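The values are calculated or read from the model by the stated rules, or taken from the named source; none is laboratory data. What you see is a predicted model; the values in this text were computed from it and never measured. Reconstructed Cβ throughout: ideal geometry from the backbone, glycine too, with neighbour counts over all protein chains shown. Accessible surface areas use protein heavy atoms only, side chains included; no ligands, DNA or RNA. Shrake-Rupley method; radii C 1.70, N 1.55, O 1.52, S 1.80 Å.
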Amino acid sequence: MEYIKIADGINGLFINNNRFSTTHISVNLYLPLKKESIAVNALLPYVLSSCCAEYPDFSALNLRLNELYGAEVGGIADKIGDVQVLRFLSFTVNNDLVPDKIKVVEQACSLLLSMIFEPSVLNDAFLDADVEREKRLTLEKIEGLINDKRSYAINRIISEMYANEAFGELKTGSTEAVEKIDGKMLYKAWKTVLSKAEVRVQVIGKEIPDNLFERLAERFSGVKRNAVDCLATTPKASTGEVNRVCENMDVSQGKLVLGFTTKHTGDDRETAFLAVFADLFGGGPYSKLFTNVREKMSLCYYCAARPNRTKGYLLVDCGVEAQNAKKAEEEILNQLKALQNGEITDDELNASVSSIKDSLYCLNDSQAALDGWYGMRINNKPITPEEFAQLIDGATKEDIVKAANEYTLDTVYSIMPLEKE
Amino acid sequence: MSLKVVESSLIKKKFNIYTHPSGLKVLLYPMKDFSSNYVLFGTKYGSVDTAFKDDNGNLVELPEGIAHFLEHKLFESEDGDAFAKYAKTGAYSNAYTSFDRTCYLFSCSNRFYDNLSILLDFVRSPYFTAATVEKEQGIIGQEIRMYDDMPSWRVMFNMLEAMFYSHPVRIDIAGTAQSIAKISDKLLYDCYNRYYNLSNMFLILAGDFNCDEVVDFVKDNLKPCDNPPKDIKTVIPDEPKTPLKNKVVCNLDVAKPLFCIGFKEKNIGATPDAKRLVAMEILLKMIAGTATPLYKQLLDEGLINEEFSLEYFTGRGFALPMFEGESDQPEKVLELILNQVEQYKQNGLDKTLFEATKREMYGKGIRRFDAAESVCSMLCDSYVLGYDLFEYFDILAEIKPEDILDELNVFSKESAVLSIVNPRTVQGVEN
């Protein structure tokens with residue numbers, strides 16, 4: 001693994017790996033997550049990756065990508081705690097594997113740079129047709145969240161837990177904010193993002209294609225860069241009170257989500273211990289929730305605990321019959337109490353530690369997983385999966401009990417079936 | 001020991017096949033320098049296997065969802081459940097049942113042989129009691145309820161139910177609360193003994209291992225079955241060539257109508273070969289793939305969004321092209337798809353698009369060899385459907401536009417089934 005400083009606030013990361021048939025590139029732009037700019041920034045990667053000055057029509061662009069042996073380029077927006085990340089990705093089959101030996105990697109790479117730096121614009125504004133199309137797709141994505149009740153419930157509890165913070169917003173921003181975006185606003189956001197974002201380019205593959213880092217430095221030299229924004233996350237302080245929200249919908253199965261907060265965020269030892277705790281609580285099939293709530297009590301098909309390292313919360317979610325919801329909630333809290341009281345066998349701890357370590361070592365076999373691991377870590381020399389595995393390996397029962405006691409119940413959110421007459 | 005090497009000079013990949021004395025097929029794909037291994041142990045037994053002929057030639061019908069139920073139950077053995085055993089090694093383990101197969105899998109970065117031993121052991125050690133069956137009815141009951149609320153699942157199964165009169169692909173994989181209530185420990189043993197005969201099974205491995213060592217290990221750890229293989233031929237009832245219904249509508253709690261469009265093929269009950277797979281996949285991408293004028297029109301006119309997808313839905317004994325998505329005007333989407341087909345019938349295929357589509361499938365296909373999981377999945381598909389994986393790439397390289405024209409005949413107004421899930425607020429007929 002190689003770190004290369006490209007310019008101030010612009011860094012390169014190259015993971016040399018000959019095993020894959022693919023060259024995987026991501027350009028990551030990191031910005032503070034702010035309520036007023038989430039939506040407009042989040043729309044940018046979608047508009048930028050759907051067309052560019054050279055290919056203003058997206059079906060022509062897609063035809064070109066298909067000609068490059070199915071090269072893929074795309075953009076997404078995400079939240080990393082109180083940081084917003086705009087990611088531009090390209091995956092291309094390596095040049096030596098295509099029959100006519102054309103330089104597909106370099107050509108796809110040039111397309112990626114064109115998308116970021118040479119969008120299809122007119123008079124300091126993105127074109128209405130492109131903006132309106134991507135707005136509609138985003139709005140329909142937001143509207144469609146309701147279709148999957150499990151992920152809808154998770155989005156809803158986050159908005160409840162962080163109601164007064166930017167983090168409480170959806171990755172896309174709200175419907176109202178998306179509706180207000182126009183071509184001029186988006187153009188302004190594009191300029192601001194290029195000038196103020198912390199940038200990391202990640203390449204995973206055989207080699208860095210054709211002076212990519214130098215070409216990127218050159219592109220950015222044409223941008224007037226202001227001081228790069230400060231990126232930091234504040235975890236939520238416990239209020240000591242539990243917020244309860246229940247929505248009734250026309251469903252046959254209820255959904256129950258419990259949200260817990262902790263003051264720890266980041267990549268340190270404590271975070272590793274929190275990860276082991278969450279796994280013992282509701283991760284693998286050896287976890288307290290799987291063995292008790294699902295297997296012993298047959299209350300749920302799924303009952304899982306998922307920690308979020310970047311903002312410092314943990315969610316337990318399950319699908320449950322309305323009449324069993326209270327019982328399930330009590331049992332989830334009982335199982336938490338058991339862990340807080342140190343009811344952990346050596347076998348359980350070993351199972352969890354070896355399972356997490358095993359999956360961390362598997363990351364090396366997936367370019368997307370490696371890219372995600374580093375791309376979702378904003379500090380300049382992120383911890384490696386192996387280093388994190390070492391921290392996990394050091395976890396003792398005492399560490400886990402301490403971690404279990406770091407969490408406070410913050411919000412209980414549920415969707416329950418409508419009362420039928 | 002005889003390892004058969006299957007090699008592709010075109011894409012420069014190879015894998016090995018070993019046939020165990022029991023008839024079990026072992027497919028091995030070594031991936032040098034990879035840190036992890038992925039292994040599938042499966043049987044050609046899925047939700048479409050709803051009836052068989054017993055030794056006396058009598059038709060025995062099985063409760064819907066029993067293959068899936070059996071998959072859940074196999075994790076429990078007399079000496080504890082498989083999850084507990086994997087918990088000691090740290091492997092990730094899971095299982096799934098689809099229309100035409102049941103697979104048990106693990107992935108791991110170390111203790112490969114310990115994990116392989118657990119896998120080979122628990123899948124070969126059925127242990128069902130009345131009490132454990134009853135407990136599972138509760139858990140699977142909740143799984144079925146979860147799917148009932150999942151619009152993307154419902155819209156597809158409604159389409160399949162409308163397309164077929166009696167072909168078992170129309171049956172929900174998990175069954176229903178009523179059908180799983182009929183499952184008993186005895187019935188599970190009957191199905192197990194019939195469908196989990198090693199001669200009906202496959203073991204697929206991808207990762208950094210030595211093939212000879214794996215084969216020796218399999219020989220030492222798997223004894224040939226005591227019972228001779230039974231006739232496991234799936235009984236597929238006669239099926240009319242046109243759909244039962246051309247349209248089916250239901251209401252669920254969704255924001256926007258969901259649609260699933262399928263086209264009924266004439267040769268019902270046939271499994272497609274590699275040539276048909278390539279031809280139909282190219283054609284679907286040429287009808288409404290992201291580089292087509294139709295896709296652009298659908299998107300520009302607000303008729304689809306990012307949920308739109310197309311697939312050649314295939315398995316052992318069934319095949320149909322399918323389009324899914326969200327739209328306020330699903331009828332219009334169907335109409336435009338049929339228009340595009342009509343244009344191709346009249347004017348022939350667009351050569352530039354044809355070549356670009358071939359390249360796309362070739363590049364993306366090669367990239368699927370980058371991950372042990374997708375390698376196993378490709379090998380599993382080709383084994384269960386009975387085609388040669390590398391032949392697929394050879395055909396793709398050679399195929400000409402005229403080779404796929406026949407496939408256009410699958411698409412017509414008469415063969416089409418449109419399934420719609422409307423929001424609750426939209427008044428529609430519940431078919």
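Quick look at the values:
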item	result
Test for residue B:399: is it open to solvent by less than 30 Å² (accessible area, probe 1.4 Å) and away from every other protein chain (no Cβ under 12 Å)	yes
Test: residue in region A:366-388 that is β-branched (Val, Ile, Thr), crowded, with 18+ Cβ neighbours inside 10 Å, away from every other protein chain (no Cβ under 14 Å) and in a helix (DSSP H, G or I)	no
Index of the failed condition, residue B:166 passing every other in (1) open to solvent by less than 20 Å² (accessible area, probe 1.4 Å); (2) farther than 27 Å from residue B:116 by Cα	(1)
Qualifying strands (runs of 3 or more DSSP E) (wholly inside region A:1-65; at least 1 residues being within 14 Å of chain B (Cβ to nearest Cβ) and of a type in the set (Ser, Thr, Tyr))	A:22-32
Scan of region A:76-129 for residues that are more than 14 Å from chain B (Cβ to nearest Cβ) and among the hydroxyl-bearing types (Ser, Thr, Tyr), ordered by number	A:110, A:114, A:120
Residue selected from region B:137-171 under the condition part of a loop (DSSP other than H, G, I, E, B) and within 14 Å of chain A (Cβ to nearest Cβ), by the criterion nearest to residue A:418 (Cα to Cα)	B:149
Residues within region B:286-297 that are open to solvent by less than 10 Å² (accessible area, probe 1.4 Å) and either modelled with pLDDT under 95 or out of contact with any Phe, Trp or Tyr (no Cβ under 7 Å at 6 or more places or on another chain) (or both), tallied	3
Test result for residue B:93, closer than 28 Å to residue A:17 by Cβ, in contact with a strand residue (DSSP E or B) (Cβ under 9 Å, 6 or more places away or on another chain), buried (at least 22 other Cβ atoms within 10 Å of the Cβ) and facing chain A (nearest Cβ under 9 Å)	yes
Evaluation of residue A:186 against (1) more than 14 Å from chain B (Cβ to nearest Cβ); (2) assigned to a helix (DSSP H, G or I); (3) surrounded by fewer than 21 Cβ atoms within 10 Å (Cβ to Cβ) (one fails), failing number	(3)
Looking only at region B:103-133, and only at residues there that are open to solvent by less than 10 Å² (accessible area, probe 1.4 Å) and of a type in the set (Val, Ile, Thr), the one that is farthest from residue B:381 (Cα to Cα)	B:133
Tally of residues being outside any loop (DSSP other than H, G, I, E, B), open to solvent by 30 Å² or more (accessible area, probe 1.4 Å) and touching a Pro at 6+ places or on another chain (Cβ under 9 Å) across region A:261-312	2
Test for residue B:16: is it more than 14 Å from chain A (Cβ to nearest Cβ), more than 21 Å from residue B:234 (Cβ to Cβ) and in contact (Cβ under 8 Å) with a residue 40 or more places away in the chain	yes
Flag for residue B:391 being closer than 23 Å to residue B:100 by Cβ and either buried (at least 21 other Cβ atoms within 10 Å of the Cβ) or in contact with a helix residue (DSSP H, G or I) (Cβ under 6 Å, 6 or more places away or on another chain) (or both)	yes
Single match in A:413, A:407 (criterion: more than 14 Å from every other protein chain (Cβ to nearest Cβ), surrounded by 21 or more Cβ atoms within 10 Å (Cβ to Cβ) and at pLDDT 95 or above)	A:413
Among (1) within 14 Å of chain A (Cβ to nearest Cβ); (2) under 26 Å from the mean Cα position of the chain (by Cα); (3) of a type in the set (Asp, Glu), the one test that residue B:265 misses	(1)
Residues of region B:243-272 that turn out to be of a type outside the set (A, V, I, L, M, F, W, C), at pLDDT 95 or above and open to solvent by 20 Å² or more (accessible area, probe 1.4 Å), as a count	3
Pairs, first open to solvent by 80 Å² or more (accessible area, probe 1.4 Å) in region A:325-353, second assigned to a loop (DSSP other than H, G, I, E, B), C-beta under 7 Å, six or more apart	A:327/A:299
Per-region count, region A:123-140, residues more than 17 Å from residue A:58 (Cα to Cα) and open to solvent by 70 Å² or more (accessible area, probe 1.4 Å)	2
Tabulated pairs, region A:223-243, first farther than 23 Å from residue A:309 by Cα, second open to solvent by less than 70 Å² (accessible area, probe 1.4 Å) and assigned to a loop (DSSP other than H, G, I, E, B), C-beta under 8 angstrom, 6+ apart or interchain	A:225/A:9; A:228/A:9; A:228/A:197
Selected residue (criterion: farthest from residue A:363 (Cα to Cα)) from residues of region B:65-90 that are among the small types (Gly, Ala, Ser) and open to solvent by less than 20 Å² (accessible area, probe 1.4 Å)	B:65
Residue tally, condition open to solvent by 40 Å² or more (accessible area, probe 1.4 Å) and under 26 Å from residue A:167 (Cα atoms), over region A:199-228	3
Any hit, region A:157-171, residues being polar (S, T, N, Q) and away from chain B (no Cβ under 14 Å)	yes
Positions within region B:172-190 being in a helix (DSSP H, G or I) and either within 20 Å of the chain's Cα centre (by Cα) or within 14 Å of chain A (Cβ to nearest Cβ) (or both), in sequence order	B:177, B:180
Strands (runs of 3 or more DSSP E) completely within region B:218-325 that count 2 or more residues being more than 30 Å from residue A:67 (Cβ to Cβ)	B:247-252, B:258-263
Filtered residue count, region B:346-388, keeping only those that are open to solvent by 10 Å² or more (accessible area, probe 1.4 Å) and in contact with a Pro (Cβ under 6 Å, 6 or more places away or on another chain)	1
Index of the failed condition, residue B:43 passing every other in (1) surrounded by 21 or more Cβ atoms within 10 Å (Cβ to Cβ); (2) within 14 Å of chain A (Cβ to nearest Cβ); (3) within 17 Å of residue B:205 (Cβ to Cβ)	(2)
Meets criteria (open to solvent by 30 Å² or more (accessible area, probe 1.4 Å), on the phi < 0 side of the Ramachandran plot and more than 9 Å from chain A (Cβ to nearest Cβ)) for residue B:405	yes
Residue among B:3, B:59, B:10 that is surrounded by fewer than 17 Cβ atoms within 10 Å (Cβ to Cβ), among the hydrophobic types (A, V, I, L, M, F, W, C), within 14 Å of chain A (Cβ to nearest Cβ) and in contact (Cβ under 8 Å) with a residue 24 or more places away in the chain	B:10
